[in-house]
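Worksheet: the structure to be examined is printed underneath.
Where a number appears in this text, it was derived from the coordinates with a stated rule and is not lab data. For clarity, every value in this text was computed on a predicted model and none was experimentally measured. FYI the Cβ positions are ideal-geometry reconstructions off the backbone, even for glycines, and counts take in every protein chain you see.
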Amino acid sequence: MAITIAILSQKGGTGKTTVTRSLAEGLTRSGLNTLAIDADPQGNLSEYFAVPADAFPTLGEVLAGQKKAVDAIHNGVVPANLGLAEAELMLAGKIGRELTLRNALREAKRRYDIVLIDCPPTLGLLTVNALVASDQAILSTEAEHFSEQGAEQAMEVIGLARENLNPELELLGVLLNIADMRTNHARATLEILRKSFEGKVFNTVIKRSIVYPESARASRSIFDYRRRKALDYANLTVEVLERLGLEEPLGNARKLVSEITPASKA
Ligand SMILES: Nc1ncnc2c1ncn2[C@@H]1O[C@H](COP(=O)(O)OP(=O)(O)OP(=O)(O)O)[C@@H](O)[C@H]1O
Ligand SMILES: [Mg+2]
């Protein structure tokens, strides 16, 4: 049975999709059978997986109950397009609307070790569906736009999902993303995060680099696009596996880190 992880944030553009794509690759390279779900009608994750824009069926059809999730997997991802926004509107009027994704993913979860869900920028019904379908959540936050209020809102949504619909849901970790650690601001943000989310902030900080938008444009994971720049995400993969307590893939992930680490610094 797959461990399912929702990647969310309190606002847009904080690197959720990049985390989902890169972590999916890191976990796959650590030997885990990994499935990604694009739960954002913008379809950025689908593009990142090089899924053609006219791919069919997509998550929209799955949530509408027309197709099975296992039949909607293309290149390792259940893709999305603007039709998902329509599916979300349709869901809103249905009984059990928050449980739709969870139910739809049952069979897929039996076939995979890990399922990663890329959430949309809003804390709406699709994000709630992702949280209800998940065992764990990763909160991605960018120093430049970090606000304690926003992080609190995201925690509230996680809390609501836990209290009402999914008591098993846990916060796997909080990730400082797209960070320039040379700035005082980023370092101060990390301190605030560590105080607000005691023990939950990943030691790995994902540094700001132009290679991420480049790799997205090339529809290739950072590990494929510029391997030596994939060290942050290899380290994140290690931390995620440590927190999940998955020993065997953890060994593989550590090997991945040492392979990428420049010889002079090893
Ligand atoms: N570490 C990084 N350094 C620099 N740019 C990054 C980094 N990570 C992601 N980006 C870029 O920042 C932009 C936003 O990232 P991404 O799409 O992953 O965020 P998101 O939270 O999924 O956005 P949205 O809320 O719109 O779904 C993209 O152009 C992406 O390529
Ligand atoms: Mg995104």
Beta bridges by DSSP in the range 3-210, antiparallel share as percent, to the nearest 5
5 percent
Karplus ³J(HN,Hα) for the range 172-179 (6.51 cos²θ - 1.76 cosθ + 1.60, θ = phi - 60°; Hz, whole; x = Gly/Pro) runs 6, x, 10, 10, 7, 10, 6, 9
Taking 8 Å as the Cα distance limit and 6 or more residues as the minimum spacing, I'd like the relative contact order of the chain as a percentage.
25 percent
Could you list which residues have their amide H under 5 Å from that of Thr204, counting only those 5 or more apart in sequence or on another chain, with H placed in the peptide plane?
none
So how do Ser147, Ser134 line up by other beta-carbon neighbours within 10 Å, fewest first?
Ser147, Ser134
Give me the angle, in degrees from 0 to 90, between the Cα long axis of helix 231-244 and the longest principal axis of the Cα atoms of the chain, rounded to the nearest 10.
60 degrees
Ranked output for segments 168-175, 154-161 by mean other Cβ atoms within 10 Å, highest leading, reads 168-175, 154-161
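Hey, what number do you get for the chain at 222 nm if only DSSP H runs of n ≥ 4 count, each worth -39500 (n - 2.57), divided across all residues, to the nearest 500? All intermediate terms of the calculation are to be shown ahead of the outcome.
Working: 13 runs with 118 residues, N = 266.
Rounded to the nearest 500, the figure is -12500 deg cm²/dmol.
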At R0 = 41 Å, FRET efficiency that the Cβ-Cβ distance of Leu89 and Arg226 yields, to 0.05:
0.55
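How much length, in nm to one decimal, is gained on full extension between Thr122 and Glu144, taken as 0.36 nm per residue of separation minus their Cα-Cα distance?
That works out to 6.1 nm of additional length.
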Where the centroid of each part is defined by its Cα atoms, how far is the range 70-107 from the range 207-228 in Å?
28 Å
When N counts the residues of the range 1-90, how does its alpha-carbon radius of gyration compare numerically with 2.2 N^0.38 Å, as a ratio?
1.05
Can you tally the net charge around Ser215? Count Lys and Arg as +1, Asp and Glu as -1, for every other residue whose Cβ sits under 9 Å from the Cβ of Ser215.
+3
Can you list the HN-Hα couplings for the range 62-70, worked out from phi with the Karplus curve (6.51, -1.76, 1.60; θ = phi - 60°), rounded to whole Hz and with x for Gly and Pro?
5, 5, 7, x, 8, 9, 8, 4, 5
Could you state the angle between the C-alpha long axis of helix 184-196 and the longest principal axis of the C-alpha atoms of the chain, as a value from 0 to 90 degrees rounded to the nearest 10?
60 degrees
More than 24 Å apart: what percent of Cα pairs in the chain qualify?
45 percent
Diffing the range 99-116: the Karplus 3J(HN,Hα) column from phi (6.51, -1.76, 1.60, θ = phi - 60°), in whole Hz with x for Gly and Pro, holds 9, 4, 5, 4, 5, 5, 8, 3, 5, 4, 5, 6, 8, 10, 8, 9, 10, 10
At a 10 Å Cβ-Cβ cut-off, how would you order Asp232, Asp224, fewest neighbours first?
Asp224, Asp232
Grab the Cα-Cα distance for Asp54 and Ala218, subtract it from 0.36 nm times how many residues apart they are, and report the gain in nm with one decimal.
57.2 nm
